[in-house]
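The values are calculated or read from the model by the stated rules, or taken from the named source; none is laboratory data. Note that the structure is predicted; figures quoted are calculated from it, not measured. Positions of Cβ are backbone-derived with ideal geometry, glycine not excepted, and every protein chain shown enters the neighbour counts.
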Amino acid sequence: MEPFYFGPKDQRLFGVYHAPSVRRDVPAGVVLCYPFLQEYFRSHRAFLRLATQLVGRGWHVLRFDYSGCGDSYGDGPSGPEAWEQDLRLASRELIDRAGAIKLAWVGLRLGAGLAASVAPSVPSLSRLVLWDPIVNGPDYLRELDEFRHALTLSPGTRRKVERFGPNDRGVGLDLAPEVLQSINRLDLASQLNACADQILVLDTQESNSTADYARRLAENRNVTFKRLSERPIWIERKRNDPRNIKVPTASLQAIVDWMSGTDA
């Protein structure tokens, strides 16, 4: 495991490279696309475990922080448009570092929506995993709003739910209007842009919107839709230490097994 910085000198992104522990005939790399806000912290342990399992199957793996997030440059979230460029940059970095001929992405929640949006501009993409993807931006903002109030209101308290606005601090972070607008524009179901040689849509929450999206995407793509039932790791409770979050073993196993197909 090798932490490092990459990208332009004044816009450095933080990444962690995991070298494969076994050799494969065709070098292949996978970039892991984290979700957003508190979901980033809640999924960190799962992504580390996923990276460990993938290198055991011969994959070169890169985890990285988007601009304005984690240890990358910037004082606040830059938004999906900037992160699309970050993902392209991370992919080029992994290809150069690993000599990867095949490239794959695994995205969770907003990270999956981001990957689906960027995929058409990366013709070399071999595999794409959309893990509980955010299909609709406005619905996601409502989820964040409900989450915020679940944390700040005492049980049984009822009050008018406030919507995100230009001056809203969101869930512990400043969210600029352009970030909210970018998320609000996300609509995978109408765009259907996601493309790769093979696509896995993994639904662990019995989401009708995810199932419908996978069905429509499969009309013109090689799509595998898999449904599991597993507790969402992005749900946080008060006084719940992120280090104690249960790793979603069934989801990780499904992803690794699919990524390790004979034609991967």
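Which of the residues belonging to the range 3-21 are in contact with a helix residue (DSSP H, G or I) (Cβ under 8 Å, 6 or more places away or on another chain), more than 15 Å from A100 (Cβ to Cβ) and in a loop (DSSP other than H, G, I, E, B)? Of everything in the range 3-21, those that are in contact with a helix residue (DSSP H, G or I) (Cβ under 8 Å, 6 or more places away or on another chain), more than 15 Å from A100 (Cβ to Cβ) and in a loop (DSSP other than H, G, I, E, B) turn out to be G7, S21. Scanning the range 23-39 for residues that are surrounded by fewer than 22 Cβ atoms within 10 Å (Cβ to Cβ) and either under 24 Å from D10 (Cα atoms) or among the hydrophobic types (A, V, I, L, M, F, W, C) (or both) turns up V26, L37.
Starting from the range 7-18, keep only residues that are over 18 Å from C33 (Cβ atoms) and free of Cβ contacts under 8 Å to residues at least 24 places away in the same chain, then list their pairs with residues that are in a loop (DSSP other than H, G, I, E, B) and of a type in the set (S, T, N, Q) whose Cβ atoms are within a distance under 6 Å, requiring at least 6 positions of separation or different chains. No pair meets every condition.
One residue alone among L186, L180 is touching a Phe, Trp or Tyr at 6+ places or on another chain (Cβ under 6 Å), modelled with pLDDT of 75 or more and farther than 16 Å from R221 by Cβ, and that residue is L180.
Can you say whether D71 is more than 21 Å from A176 (Cα to Cα), of a type in the set (D, E) and modelled with pLDDT under 90, as far as the supplied structure shows? No. The residues of the range 89-138 that are part of a helix (DSSP H, G or I) and either in contact with a Ser or Thr (Cβ under 6 Å, 6 or more places away or on another chain) or under 16 Å from G58 (Cα atoms) (or both), listed by number, are L94, I95, R97, A98. Can you tell me which residue is modelled with the lowest pLDDT among those in the range 217-264 that are of a type in the set (D, E, K, R), within 19 Å of the chain's Cα centre (by Cα) and farther than 15 Å from W131 by Cα? Top of the filtered list is E236.
Summed over the range 41-71, the residues that are assigned to a helix (DSSP H, G or I), among the hydroxyl-bearing types (S, T, Y) and buried (at least 21 other Cβ atoms within 10 Å of the Cβ) give a count of 1.
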